[in-house]
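K.L.:
First the structure, then my questions, so here it is.
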Amino acid sequence: MAALVIGIDLPGSHMLLERFDKYFVPGKPYADKIDIMVMGEAAARDVAFRNKEIDVSILGPAQYLAYQADPGLKDHILEVPEMYTRVMGMNQSFKPSATSACARRSTTRSTPT
């Protein structure tokens, strides 16, 4: 059981996660909804953020420098080491995955996204 359920799903554009009424943990905070807008263009994200149309944005290099120079924004930047951390798990009991050569290859190669 999860705290949120998908209300709207428009792949590549918009997703709305809404509170699941049957999920509640006493004493824990909850969100009524999370509205996710997919915006590939950094300039579009920047305009939407500055116009208060969105609450959170991922900054590219140009926006990061501009936000650092803006007195109203520079103290409100949350920095994380990497936004797109990926995890890959392997079933070690499956014969091809059980060999050390296969495990080594899987940890040293990555595919571009």
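K.L.:
When the scattering of the stretch 4-76 is computed by the Debye formula from its Cα atoms alone, each counted once and equally, what is log10 I(q)/I(0) at q = 0.14, 0.26 Å⁻¹?
P.N.:
The computed values of log10 I(q)/I(0) come out as -0.61, -1.14.
K.L.:
Follow-up. Based only on other Cβ atoms within 10 Å, what is the fewest-to-most ordering of 24, 49?
P.N.:
Working: 24 10, 49 18.
Going from least to most buried by this count: 24, 49.
Taken together, the values in this text are just the output of simple stated rules run on the coordinates, not laboratory data. If you're wondering where the values come from, they're calculated on a predicted model, not measured in any experiment. For neighbour counting, all protein chains shown are included, and Cβ atoms are generated from backbone atoms with ideal geometry for every residue, glycine included.
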